[in-house]
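Chemist: Below are the structure tokens for one structure; questions will follow.
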Amino acid sequence: MADVRLIACLSDNYAVLVHKDGETILVDAPEAGPINAALAETGWTLTSVLITHHHSDHVQALDEVRGSATVYGPAAEADRIDGLDRTIADGEEFAVGPVKVRAMSTPGHTAGHISYHLPEEGIAFTADTLFAMGCGRLFEGDPPTMWRSLQTLRAALPDDTAIYCGHEYTLTNARYAHDALPADAAIAERLEVVRAARDRKEPTVPTTMAAEKATNPFLRADDPAVAEALGMAGADPAEVFARLRKGRDGFQ
Ligand SMILES: [Zn+2]
């Protein structure tokens with residue numbers, strides 16, 4: 001199994017290092033200082049970088065950290081990301097040294113957003129598509145597109161997959177989930193766990209697919225209980241998803 005190191009960057013971004021047998025993979029490059037500090041502390045030499053999408057808070061430190069690493073990123077956003085060595089298509093499976101990677105196209109937040117699953121390591125990187133108890137804002141996609149992306153992840157990732165997302169938004173997501181579905185005991189319980197972790201300044205990432213299936217309202221847009229709680233019994237899941245997303249947009 002790979003060694004995984006979560007790196008807090010900027011105000012609420014996460015980058016991650018995955019190290020296995022001399023291979024060190026960085027997922028996204030928000031800020032050089034903390035990433036280089038983690039490399040220095042571990043003694044690992046960066047050999048590859050996986051980029052999830054073109055937003056500056058995921059790519060802006062690439063030049064400062066990459067050294068001689070090979071940089072992979074979404075083919076659909078290649079014209080918007082400087083410095084990709086290899087473009088990755090939807091469904092592509094490839095090896096980064098000893099680490100097997102499967103790319104999944106998960107559009108909605110951006111049009112070419114990719115999530116990466118490392119099946120043999122039991123981890124996945126969903127960046128700004130699937131968050132702990134939430135999902136990304138729809139900058140370049142409509143609700144049905146994002147809902148399809150979340151269904152892709154839900155179907156592809158085993159329950160015990162450790163899921164690393166791109167931001168520490170979990171407390172606000174948990175408060176919103178509880179606000180939207182106040183009678184849901186699992187959500188209420190997780191809100192308290194998340195609040196306690198954040199009070200201790202601990203990260204809430206990674207999460208697991210099992211936890212998200214149970215408590216992420218956006219992954220449960222096709223759960224009749226969720227539709228009913230929103231007064232939308234029998235509605236199309238994409239419409240339930242759209243309602244949930246719209247509510248989160250204005251939630252603080
Ligand atoms: Zn983003």
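The values are calculated or read from the model by the stated rules, or taken from the named source; none is laboratory data. Note that the coordinates shown come from a computational prediction; the quantities given were computed from them, not determined experimentally. Neighbour counts are summed over all protein chains in view; Cβ atoms, including those assigned to glycine, are modelled from backbone coordinates with ideal geometry. These area figures cover heavy atoms from the full protein model, side chains too; ligands, DNA and RNA do not enter into them. Shrake-Rupley method; radii C 1.70, N 1.55, O 1.52, S 1.80 Å.
Chemist: Which angle between 0 and 90 degrees, to the nearest 10, do you get for helix 143-156 versus the longest principal axis of the chain when only C-alpha atoms count?
Modeler: On a 0 to 90 degree scale, this one is about 70.
Chemist: So how compact is the range 171-225: Cα radius of gyration and Dmax in angstrom?
Modeler: Answer for the range 171-225, Rg first and Dmax second: 11.1, 36 Å.
Chemist: Just to make sure I understand: if all protein chains stay in place, what is the order of Glu77, Glu93 by accessible area at 1.4 Å, largest first?
Modeler: From most accessible down to least: Glu93, Glu77.
Chemist: If you look at just the Cα atoms of the range 97-211, how large are its Rg and its Dmax in Å?
Modeler: 14.4, 47
Chemist: Continuing with the same structure: Would you kindly find the accessible area of Glu192, with a 1.4 Å probe and non-protein molecules such as ligands, DNA and RNA excluded, rounding to the nearest 10 Å²?
Modeler: 100 Å²
Chemist: Using a 1.4 Å probe, what is the accessible area per residue for the range 136-252, in Å²?
Modeler: 47 Å²
Chemist: Next up: For Asp199 and Thr87, calculate 0.36 nm times their separation in residues minus their Cα-Cα distance, and state this gained length in nm to one decimal.
Modeler: Here the segment from Asp199 to Thr87 would lengthen by 36.3 nm.
Chemist: Let me ask another. Each residue of the range 45-62 in order: what ³J(HN,Hα) in whole Hz does its phi give by Karplus 6.51 cos²θ - 1.76 cosθ + 1.60, θ = phi - 60°, with x for Gly and Pro?
Modeler: The phi angles translate into 9, 5, 10, 7, 10, 10, 9, 8, 6, 7, 4, 4, 6, 10, 10, 5, 9, 3 Hz.
Chemist: To the nearest 0.05, what FRET efficiency results for Met1 and Arg148 with a Förster distance of 41 Å applied to their C-beta separation?
Modeler: Computed FRET efficiency for Met1 and Arg148: 0.85.
Chemist: Taking the Cα centre of each part, how many Å lie between the range 52-123 and the range 180-225?
Modeler: The range 52-123 and the range 180-225 have Cα centres separated by 27 Å.
Chemist: In whole percent, what relative contact order does the range 10-128 give with Cα contacts below 8 Å and a gap of six or more residues?
Modeler: The normalised contact order for the range 10-128 reaches 19 percent.
Chemist: What ratio of Cα Rg to 2.2 N^0.38 Å holds for the range 31-82?
Modeler: Rg over 2.2 N^0.38 Å, computed on Cα atoms: 1.15.
Chemist: For Phe251, Phe131, give the ranking by accessible area with the largest first, probe 1.4 Å.
Modeler: Phe251, Phe131
Chemist: For the chain, find the longest principal axis of its Cα atoms and tell me its angle to the long axis of helix 32-42, 0 to 90°, nearest 10.
Modeler: 70 degrees
Chemist: Viscosity 1.567 mPa s, temperature 4 °C: give me the Stokes-Einstein translational D for the chain in µm²/s, with Rh taken as the Kirkwood radius over C-alpha pairs.
Modeler: My calculation gives 71 µm²/s for D.
Chemist: Give me the net charge of Glu239's neighbourhood, meaning all other residues with Cβ under 13 Å from the Cβ of Glu239; Lys, Arg count +1, Asp, Glu -1.
Modeler: Value of the local net charge: 0.
Chemist: On to the next question. So what is the orientation-averaged projected area of the range 1-140, using the convex hull of its C-alpha atoms, in nm²?
Modeler: 7.6 nm²
Chemist: Right, something else. Rounding to the nearest 10 and keeping the result within 0 to 90°, find how far the Cα-based axis of helix 170-180 lies from the longest principal axis of the chain.
Modeler: Orientation of helix 170-180: about 20 degrees from the principal axis.
Chemist: Can you give me the % of accessible surface on the chain that is carbon or sulfur? Probe 1.4 Å, all protein chains present, nothing else counted.
Modeler: After summing per-atom areas, the C and S share lands at 48 percent.
Chemist: Karplus couplings for the range 15-24 from phi (6.51 cos²θ - 1.76 cosθ + 1.60, θ = phi - 60°), rounded to Hz, Gly and Pro as x?
Modeler: Those phi angles translate into 10, 9, 9, 10, 10, 8, 6, x, 9, 10 Hz.
Chemist: Say R0 is 22 Å: what FRET efficiency, to the nearest 0.05, do Glu189 and Asp12 get from their beta-carbon distance?
Modeler: About 0.40, to the nearest 0.05.
Chemist: Thinking of the range 99-140 as a set of Cα atoms, what percent of all their pairs are more than 18 Å apart?
Modeler: Across the range 99-140, Cα pairs with separations above 18 Å total 28 percent.
Chemist: Let me ask another. Can you list residues from other chains, or at least 5 along the same chain, whose modelled amide H is less than 5 Å from the amide H of Gly134?
Modeler: Hits under the 5 Å cutoff: none.
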